[in-house]
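Data first, discussion second: the structure below is written as structure tokens.
The values are calculated or read from the model by the stated rules, or taken from the named source; none is laboratory data. These figures come from a predicted structure and were not determined experimentally. We place every Cβ from the backbone using ideal geometry, glycine too, and count neighbours over all the protein chains shown.
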Amino acid sequence: MSTRRDSNEYFDEGETIPPETLVDERWKAIGTLVDHAYHQLPFYRALWNRQGFAPEGPMDAAAFRKVPITRKRDLVRAFVDGRSMMIGTEALLGLAPSNVVMTSGTMGFNTFAIVTGYDLDGASTLAQARELWMIKVRAGMRVLSLSPAWHALGLFESRAITRIGAVPILPWGTLTPRFAGDILTAVTLLKPEHLLVTARAVRMLLAECDRLKLDPRRAFASVRYLGCAGESLSPVFRTHLARRLELEEVFERGGSSDGMFGGGECFAHLGHHVSADVHYIEIIDPRTGATLGAGQRGTAVVTNLSLGKSVYIRFDTEDVAEVISGDCPCGRTHPVVELYGRLADSVVLPDRIITPADVRGVLDEFEYTRFRPFSMAWKDADGLLVRIGGVTETDPAERSKLEVACSARLSVPVSVLAGEVEHAGWKEERIKRNAEG
Amino acid sequence: MNLPDWLIAAGRRVPLYQSLPERPNWPSYSHTAEDLEAVAKARGDPFGGRHDIEHPPDVLIQAARGLPIYWALTASDLSALSTVLAESWTRLGITTGQRVALYDYATSPMVVYASRAYVPHLDAGAADILGCLPICNDGLPDLADRCIHILEYVQPSVLFVDAELMDPLSRALERKGSSTVSRVVVTSDEAPVGLAQIREWGALLGTEVQQMLRADAPLFFAPPCATEPMTFHPDEGAYRVEVLSPEPSPDDVGQITVTNLAIRSSIVIRYVTNVEGVVRDGSCRCGRTGRKVIVTDVD
């Protein structure tokens, strides 16, 4: 893994704007946004009126905290009631919509959003281009990318690749097991230097290599970098990927189709730099609704700072996150936000939030639980119950070591059981469950 | 066949057309998907010998499902293909302001050339050219319910759908007791659907179902004739269509063969499709002139 800055580390000068300038610009943008939303966007006006909010005067941190939080259920209800893809969140400024995108439907309902050419050429694509640049995508570089056309971040990625001037490799299909062969063939024949995929897809590709008795180091010989989205990567999993594929660097990518924001890691790998001139991320305590400071976990609440699309204002993504304290060694002035996974998959205690990523991190340090599926549940009498799938029996001494390690790391009593995993809290499974339900 | 000089020159440059097996009864340059794979294997060339290195590519795309051959396309190729697709949409009656849904993979030619947001380096897709609003569902059969969700909430004027997804879509509509007012345009790579099936789908969905002729390996699409069944009008500026009949055939039936005049960085001359039919010149009952393809090998 690299530990220092490139001579061309930044995509644009905007990445190193002084923090105080970013703050000034943010409140100006939010002032415009809130005013526009209240007067022009029926969804926000109705939501805020119901909660007795009306904007008064210029925006700052204190004033903005009075703006009601937008929840996923508010959006879903508006779509269902209106039976339309437009619900009054579309700040299109008179521009023609260019694309309709969807969310992944984690609540069993895919919401819609509108994008315009203004945004595809503007702020959202700039943020995505910075992210790709940060994770070492460069002009002329062959980059395997299979971004879905229904996902806002997929569209922005496509435009960002254009803006950087990279050469995309597009194998047939989508990131599911049935296309693992097509993707692997494209890697071996077209020799990309970079892969932009999901963690699940990488596991799928490694399984395909195993099936074909192919050494992944040979199959992925051209690949130097991996940009991995979809889940929080444990340190052991990152090392495993770097070693098995002989990569120079593995980058985690994070973001949400809900809220249409994302961010990549720089070489410091502290979390995701979210472009603060494009999105404002707050961390909110899900128990109290209080705004939390750096170093404290809550859910990421996003506000898009640019118009020309469907806008999300104080939208609770329900993703557990924290803003990382201190300056980043890369020199970027935009905040670093670490994303840990879905609140619905986490255990929320009075004094902490335990996410599957926390448990995954410990399990991956032990050989017999490494990369295995698991589920977790809180029992008031016993503490955290972790069920490991695919393990029929465990050596009591090993199990005890694992429980001690989990308890020490998570600061709660932990019991580990082998056996069936009813619901591992992963995204695909939850979408399926909710859709069936 | 009267080919433009640039195409003849490019055909002499790229490896494919020097590597084809001897076939005395076939017109020069004619080749199949198997030839592309053989050349790719023999030369270690992922482009099947079709890439003209005088045009450095901006995008590399797998040519067709299950075919490990890739397009090396420049931005101007992407643009040319989007124009061809936009023309096809226009002939299907799609107009400015309409919403267009796509139930297919993001890498299908039906999707790639539909929007500049769907593929890097494309300036304007068919929807951008026509001022339409596209939405793509992805092409997995188990996303049929989501396609219905799109039909309900987006209410597109037209739904483009890969033929293999029609059964899952029909079943999902039936299960949900839902229906669609969207017009449906079915496509299928080198496997056109018969008229009886089209009519059956139309009756089942209670809407108009049309078909666009599609062959991915030569990047060919042709909209249907407005009056004649199983008849398609390819863009004359973009394609030369012929029939390959190595043996004398009654009614001039043979394999439909496509030359792509729209793209420059990958050279497609006389790709022999699996589609059986005839090519007719002259005016059509619909009023169009020029070559038309009549598909004959499906019931």
**Asked** Being part of a helix (DSSP H, G or I), under 21 Å from residue A:275 (Cβ atoms) and aromatic (Phe, Trp, Tyr), is that true of even one residue in segment A:26-41?
**Response** yes
**Request:** Inspect all residues belonging to segment B:14-29 and state whether any of them is of a type in the set (Asp, Glu) and farther than 24 Å from residue A:190 by Cβ.
**Result:** yes
**Item:** Count of segment A:188-206 residues which are within 14 Å of residue B:62 (Cβ to Cβ) and surrounded by 22 or more Cβ atoms within 10 Å (Cβ to Cβ)
**Value:** 1
**Item:** strands (runs of 3 or more DSSP E) completely within segment B:195-299 that count 1 or more residues being within 24 Å of residue B:164 (Cβ to Cβ) and under 18 Å from the mean Cα position of the chain (by Cα)
**Value:** B:209-211, B:213-215, B:220-222, B:254-260, B:271-280, B:292-295
**Prompt:** Hey, does segment A:42-55 have a residue that's within 26 Å of the chain's Cα centre (by Cα) and in a loop (DSSP other than H, G, I, E, B)?
**Reply:** no
**Asked** In segment B:89-111, which residues are facing another protein chain (nearest Cβ under 8 Å) and part of a helix (DSSP H, G or I)?
**Response** B:111
**Fill in**
Over segment A:111-133, the set of residues within 12 Å of another protein chain (Cβ to nearest Cβ) and of a type in the set (Ser, Thr, Tyr) is A:111, A:116, A:124, A:125
**Fill in**
From the option list A:113, A:123, single residue qualifying as crowded, with 20+ Cβ neighbours inside 10 Å and either under 18 Å from residue A:332 (Cα atoms) or of a type in the set (D, E, K, R) (or both) is A:123
**Message:** Step by step: first the residues of segment A:145-170, then only those that are under 16 Å from residue A:98 (Cα atoms) and assigned to a loop (DSSP other than H, G, I, E, B), then the one that is nearest to the other protein chains (Cβ to nearest Cβ). Which residue is that?
**Reply:** A:149
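Conditions (1) within 30 Å of residue A:138 (Cβ to Cβ); (2) buried (at least 20 other Cβ atoms within 10 Å of the Cβ), marked per residue:
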residue	(1), (2)
B:4	no, no
B:22	no, no
B:48	yes, yes
B:55	yes, no
**Message:** When the residues of segment A:56-78 are narrowed to those that are of a type outside the set (A, V, I, L, M, F, W, C) and not in a loop (DSSP other than H, G, I, E, B), which ends up surrounded by the fewest Cβ atoms within 10 Å (Cβ to Cβ)?
**Reply:** A:73
**Message:** Criterion first (among the hydroxyl-bearing types (Ser, Thr, Tyr) and in contact with an Asp or Glu (Cβ under 9 Å, 6 or more places away or on another chain)) does residue A:111 satisfy it?
**Reply:** yes
**Request:** Evaluate segment B:58-66: report whether one residue or more is closer than 16 Å to residue B:119 by Cα, β-branched (Val, Ile, Thr), crowded, with 20+ Cβ neighbours inside 10 Å and within 14 Å of another protein chain (Cβ to nearest Cβ).
**Result:** yes
**Prompt:** Would segment B:118-139 turn up any residue that is within 12 Å of chain A (Cβ to nearest Cβ), in a helix (DSSP H, G or I), within 30 Å of residue A:139 (Cα to Cα) and in contact with a Pro (Cβ under 8 Å, 6 or more places away or on another chain)?
**Reply:** yes
**Fill in**
residue A:197 meets each of (1) part of a strand (DSSP E or B); (2) within 13 Å of chain B (Cβ to nearest Cβ) with one exception, condition (2)
**Request:** Scan segment B:75-102 and report the pairs whose first residue is closer than 28 Å to residue A:140 by Cα and whose second residue is of a type in the set (S, T, N, Q) and not in a strand (DSSP E or B), with Cβ atoms within less than 8 Å and a gap of 6+ or a chain change.
**Result:** B:77/B:265
**Request:** Please specify each residue of segment A:139-160 satisfying the condition of being touching a helix residue (DSSP H, G or I) at 6+ places or on another chain (Cβ under 9 Å) and farther than 26 Å from residue B:66 by Cα.
**Result:** A:139, A:152, A:153, A:156, A:159, A:160
**Request:** Specify which of the listed residues (B:209, B:241) is modelled with pLDDT of 95 or more, in contact with a Lys or Arg (Cβ under 7 Å, 6 or more places away or on another chain) and either crowded, with 20+ Cβ neighbours inside 10 Å or within 29 Å of residue B:178 (Cβ to Cβ) (or both).
**Result:** B:241
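Table: residues versus (1) loosely packed, with under 14 Cβ neighbours inside 10 Å; (2) in a helix (DSSP H, G or I); (3) facing chain B (nearest Cβ under 7 Å); (4) of a type in the set (S, T, N, Q).
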{"position": "A:80", "(1), (2), (3), (4)": "yes, yes, no, no"}
{"position": "A:88", "(1), (2), (3), (4)": "no, no, no, no"}
{"position": "A:94", "(1), (2), (3), (4)": "yes, no, no, no"}
{"position": "A:101", "(1), (2), (3), (4)": "no, no, no, no"}
{"position": "A:104", "(1), (2), (3), (4)": "no, no, no, yes"}
{"position": "A:109", "(1), (2), (3), (4)": "no, no, no, no"}
**Fill in**
Among strands (runs of 3 or more DSSP E) entirely inside segment A:258-371, those with 2 or more residues being closer than 27 Å to residue A:402 by Cα are A:315-323, A:336-342, A:347-349, A:352-354
**Fill in**
Over segment A:132-144, the set of residues over 16 Å from the mean Cα position of the chain (by Cα) and outside any strand (DSSP E or B) is A:133, A:136, A:137, A:138, A:139, A:140, A:141
**Asked** Between a first residue in segment B:18-45 that is at positive phi and a second residue that is at pLDDT 95 or above and among the acidic types (Asp, Glu), which pairs have beta carbons less than 6 Å apart while being 6 or more apart in sequence or on different chains?
**Response** none
